[in-house]
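S.K.: Below you will find the structure I want to go over with you.
The values are calculated or read from the model by the stated rules, or taken from the named source; none is laboratory data. Predicted, not measured: the structure shown is a model, and the values here were computed from it. Positions of Cβ are backbone-derived with ideal geometry, glycine not excepted, and every protein chain shown enters the neighbour counts. Note: accessible area is taken over every heavy atom of the protein model, side chains too, but ligands, DNA and RNA are not part of it. Shrake-Rupley method; radii C 1.70, N 1.55, O 1.52, S 1.80 Å.
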Amino acid sequence: MKKRAQAGFTIVELVFAAAILGLLSLNLAMVLRTSSSAFETGVFRKVIDDQAELTMDRISLAVMASAEKDLYPISVAPMNTPRLDYQICLGFQDGQLVMGDTERIEYVPLNGLVVWSQNPNSTDTRSVVWSSWVPNNLDGELVNGLDDNGNGLIDEQGLSFDSSGGKVNIHLTLERKDSKGVIFKRTLVNTVTCRN
């Protein structure tokens, strides 16, 4: 009498198949985790880059539209200031130059903000936050009376202004931590010439 072969898998075959499936699942999980982390890093970097560039553009356009004689306070390097008051030239009326209200761009260290204000120090002040994530000091700078980051300025804050040769230099650093505690920084420097 012939014995029929039984259909099915042996225990060895099942264990081997389970091990291969486990390794494939582990590799897939690692790839997905790495992809997710890379995506989050890319998103964080893009957000901080976009915010830094938008803020720098706003500041630069405001300073360019002002008259150099109306900038206050303006510091000459190596000194700098985290605040700038200015007036924008609106045009001419009846042969007279018409200036806008006093405006201010300033770094607010308590909240790490760049704030624009119209009519500062008055009862009808309007203020708008242009950026957050501004650290206490510009990237690479320490408060010690020295030029730590080699840019020719001493102890500059996260936003700083200085003047050289009729031009205004604007320095800005933004800094943000992701969910894993990794710090992303972006520092921009721009030199603008005032309108008048």
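S.K.: Which one is modelled with the highest pLDDT, of the residues in the range 15-42 that are open to solvent by 100 Å² or more (accessible area, probe 1.4 Å) and farther than 30 Å from SER179 by Cα? Spell out the reasoning first.
M.R.: Going through the range 15-42, the residues open to solvent by 100 Å² or more (accessible area, probe 1.4 Å) turn out to be 16, 21, 23-24, 28, 32-33, 39.
Cutting the leftovers down to farther than 30 Å from SER179 by Cα gives us 16, 21.
Values: PHE16: 84, LEU21: 89.
Across the range 15-42, the extreme among qualifying residues is LEU21.
S.K.: Here are some residues: SER35, SER60. Which one is under 24 Å from the mean Cα position of the chain (by Cα), on the phi < 0 side of the Ramachandran plot and not charged (D, E, K, R)?
M.R.: Numbers: SER35 fails: under 24 Å from the mean Cα position of the chain (by Cα).
Exactly one of SER35, SER60 is under 24 Å from the mean Cα position of the chain (by Cα), on the phi < 0 side of the Ramachandran plot and not charged (D, E, K, R), namely SER60.
S.K.: Still on this structure: For the range 43-72, enumerate the residues that are among the aliphatic types (A, V, I, L, M), modelled with pLDDT under 90 and under 21 Å from LYS180 (Cα atoms). Before the answer, list the steps.
M.R.: Initially, the range 43-72 is screened for residues among the aliphatic types (A, V, I, L, M), giving 43, 47-48, 52, 54, 56, 59, 61-65, 67, 71.
Then drop every residue that is not modelled with pLDDT under 90, which leaves 43, 47, 65, 67, 71.
If the condition is that a residue be among the aliphatic types (A, V, I, L, M), modelled with pLDDT under 90 and under 21 Å from LYS180 (Cα atoms), then VAL43, VAL47 are the ones that fit.
S.K.: Would you say ASN137 is among the polar types (S, T, N, Q), surrounded by fewer than 17 Cβ atoms within 10 Å (Cβ to Cβ) and over 21 Å from LYS167 (Cβ atoms)? Outline the logic, then answer.
M.R.: On the way: among the polar types (S, T, N, Q): yes; surrounded by fewer than 17 Cβ atoms within 10 Å (Cβ to Cβ): no; over 21 Å from LYS167 (Cβ atoms): yes.
So ASN137 fails the test.
S.K.: So the check is Cβ under 6 Å with 6+ separation or different chains; which pairs have a first residue in the range 184-195 that's at negative phi and among the β-branched types (Val, Ile, Thr) and a second one that's assigned to a strand (DSSP E or B) and open to solvent by 50 Å² or more (accessible area, probe 1.4 Å)?
M.R.: Within 6 Å, the pairs are THR191/LYS167; THR193/LYS167.
S.K.: Another question, then. What number of residues within the range 148-185 are surrounded by fewer than 21 Cβ atoms within 10 Å (Cβ to Cβ) and in contact with a Leu (Cβ under 6 Å, 6 or more places away or on another chain)?
M.R.: 1
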